[in-house]
Amino acid sequence: MIEELKGHVRELKRRVYMAVGRCVLEAVTDTTKCQTLKISLLDDELAEDVERFQEYGFTSVPFAGAEGIAVAVAGLRSHAVVIAVEDRRYRPTGLQPGEGGLYDDQAQTILIKRDGIHITTTKTVTVNAAEVGILSGNVNLGALGGKKVALDGDPVVGGVIVASSTKVKAV
């Protein structure tokens, strides 16, 4: 009876120890409602069709080689889920406390920093909207020091904006 109890305790202890662990992504399937992964856990342990839970409103398809945290539901390694994925090869660094952002492997970023929102890309930025509103006293085309912008209907005399209205046009 005691030996049987010790066996149950050992099994419970093993399940607790094996419930949470690091993993490496081997492959990603993004064609299903819940993304699934093939992951390696221990030296020779592979798991396939592992569900990856992502935050609502955010999604990504990480590369093979990214790292994650796998949780064995009820301590069963046969029922693992991945709850976080990190790829240190591409993550921007140097942010201050309270700052955050989005990034990819092409160094494209949207960083929410203390001094404003910074969008970096060498690609095209497309805004698909019925209307775009910019509430700013200064709009610069071509970055700071770029082409001046007048509001649609503003009187412009000799390249100088002399009043303002509600819609933007390039001068």
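The values are calculated or read from the model by the stated rules, or taken from the named source; none is laboratory data. None of these values were measured; they are calculated from a predicted model. All Cβ positions, even for glycine, are placed from backbone atoms using ideal geometry, and neighbour counts span all protein chains on display.
On the basis of being surrounded by 10 or more Cβ atoms within 10 Å (Cβ to Cβ), within 26 Å of residue 13 (Cα to Cα) and within 20 Å of the chain's Cα centre (by Cα), does residue 75 make the cut?
no
Assuming residue 9 fulfils every condition listed in (1) assigned to a strand (DSSP E or B); (2) exposed (fewer than 13 other Cβ atoms within 10 Å of the Cβ) apart from one, which condition is it?
Answer for residue 9: the failing condition is (1).
Working only within the range 99-125, note down all residues that are more than 15 Å from residue 58 (Cα to Cα), part of a strand (DSSP E or B) and hydroxyl-bearing (Ser, Thr, Tyr).
Selection gives 120 alone.
Residue by residue through the range 30-57, note down the ones that are without any contact (Cβ under 8 Å) to a residue 12 or more places away in the chain and either closer than 22 Å to residue 91 by Cα or assigned by TED's automatic domain parsing to the domain that holds residue 103 (or both).
If the condition is that a residue be without any contact (Cβ under 8 Å) to a residue 12 or more places away in the chain and either closer than 22 Å to residue 91 by Cα or assigned by TED's automatic domain parsing to the domain that holds residue 103 (or both), then 55, 56, 57 are the ones that fit.
Considering only residues of the range 38-53 that are at pLDDT below 95 and not hydrophobic (A, V, I, L, M, F, W, C), which is surrounded by the most Cβ atoms within 10 Å (Cβ to Cβ)?
Looking at the filtered set, the residue picked out is 45.
Here's the yes/no breakdown for (1) at pLDDT 95 or above; (2) more than 30 Å from residue 62 (Cβ to Cβ); (3) assigned to a strand (DSSP E or B):
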site: 84; (1), (2), (3): yes, no, yes
site: 97; (1), (2), (3): yes, no, no
site: 127; (1), (2), (3): no, no, no
site: 132; (1), (2), (3): no, yes, no
site: 163; (1), (2), (3): no, yes, no
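Filter the range 86-117 down to the residues that are surrounded by 13 or more Cβ atoms within 10 Å (Cβ to Cβ) and aliphatic (A, V, I, L, M) and list them by number.
The answer is 95, 102, 110, 111, 112.
With 70, 64 as the choices, which residue is at pLDDT 95 or above, in the same structural domain as residue 17 (by TED's automatic domain parsing), surrounded by 10 or more Cβ atoms within 10 Å (Cβ to Cβ) and not in a strand (DSSP E or B)?
Step by step, each of 70, 64 is checked, and only 64 is at pLDDT 95 or above, in the same structural domain as residue 17 (by TED's automatic domain parsing), surrounded by 10 or more Cβ atoms within 10 Å (Cβ to Cβ) and not in a strand (DSSP E or B).
When you go through (1) under 23 Å from residue 121 (Cβ atoms); (2) not assigned by TED's automatic domain parsing to the domain that holds residue 121 one by one for residue 100, which number turns out not to apply?
Only one criterion is unmet by residue 100, namely (2).
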